[in-house]
Amino acid sequence: MRTPPVALTVAGSDSGGGAGIQADLATFAALGVHGASAVTAVTVQDTRGVHAIHPVPSDVVVQQVAVVVSDLAPRATKTGMLGDAATASALAILAADGLLPRLVVDPVLVSTSGHALATHDVLAVMRDDLLPHAAVITPNTDEAAALLGCSPAASLRDQTDQARRLLELGCAAAVVTGGVDAGARLDVLATPTDVQVMAGPGIDTRNDHGTGCTFAAAVAAGLAHGLTVDRAVTAARAFVRAALTESVQWRLGRGRGPVSHLAPSSTVPRGESV
């Protein structure tokens, strides 16, 4: 087997295993990428919500990134929950120095359960200092609105307009996810030369915890494999839809369960239930 490419995730830890670092590393592995990580915060979290957040000091985050970059030479980097403004600023400096290649920024602001994961200071640093170094950003409609200081998209026209406007923040590409139109789920990818609308039927599931993290990590995995941004986004979208479909019947936890990061059930050996 050939040596896999490396991707680095810089994000918070989810003790419930559905989102954050845990989802990122599982996604990397599922897509044939060796995952390295730098933890920005430790959360006390399960499927019902985020019960506490403990940021990691920014200098410790930088040390984690520095040793990974110097030793493993990641081909792509994905950021998620940043913890605090000092960490966001430190990462922006690393990105400006070219140390976060093929940067995918998932502007994690609110958890699936509705818990705020970023302050206004973090949002400002992310928007002004980090996004200009991103190869692609992956906000959902609420996060796009927060970055732009406007209301969430109420139509495909709004979603398309906001994807275009995000490019003005300096990123090379923007994907606004989570739009809805007549029952279809819409994602809009904007680049300086094109806008693509990707639509598919909604998936009726309570197990959608970690969807945004999984999507952004899958985009980073595609970039690590050498895909173009549009191909990486298309592949990531297909991966997430398959993950949502695979976990529809799961009953993990008492809240919003996780999407699947496992191999399709047909390929898993059958054994005794425990």
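At a glance:
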| quantity | calculated |
| --- | --- |
| Formal net charge of residues neighbouring PRO201 (Cβ-Cβ distance under 14 Å; K, R +1; D, E -1) | 0 |
| Local net charge near ALA236, Cβ-Cβ under 15 Å (Lys/Arg +1, Asp/Glu -1) | +2 |
| Ascending count of other beta-carbon atoms within 10 Å, so fewest first, for THR228, THR141 | THR228, THR141 |
| Local electrostatic count at THR47 - Lys and Arg +1, Asp and Glu -1, tallied over other residues with Cβ under 14 Å | +2 |
| Residues ARG165, ARG256, ARG127, ARG157 arranged by fewest to most Cβ contacts within 10 Å | ARG157, ARG165, ARG127, ARG256 |
| Simple Cβ-charge dipole of the range 118-265, Lys/Arg +1 and Asp/Glu -1, about Cα centre, in debye nearest 20 | 500 |
| 222 nm mean residue ellipticity, helices alone, for the chain (DSSP H n ≥ 4; -39,500 (n - 2.57); rounded to 500) | -11000 deg cm²/dmol |
| Within the chain: Cβ-based charge dipole about Cα centre, in debye rounded to nearest 20 (Lys, Arg +1; Asp, Glu -1) | 700 |
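Values in this text are rule-based calculations from the coordinates and carry no lab data. As the structure is a computational prediction, the values presented were derived from the model and not from experiment. Note that we place each Cβ from the backbone using ideal geometry, even for glycine, and neighbour counts take in every protein chain shown.
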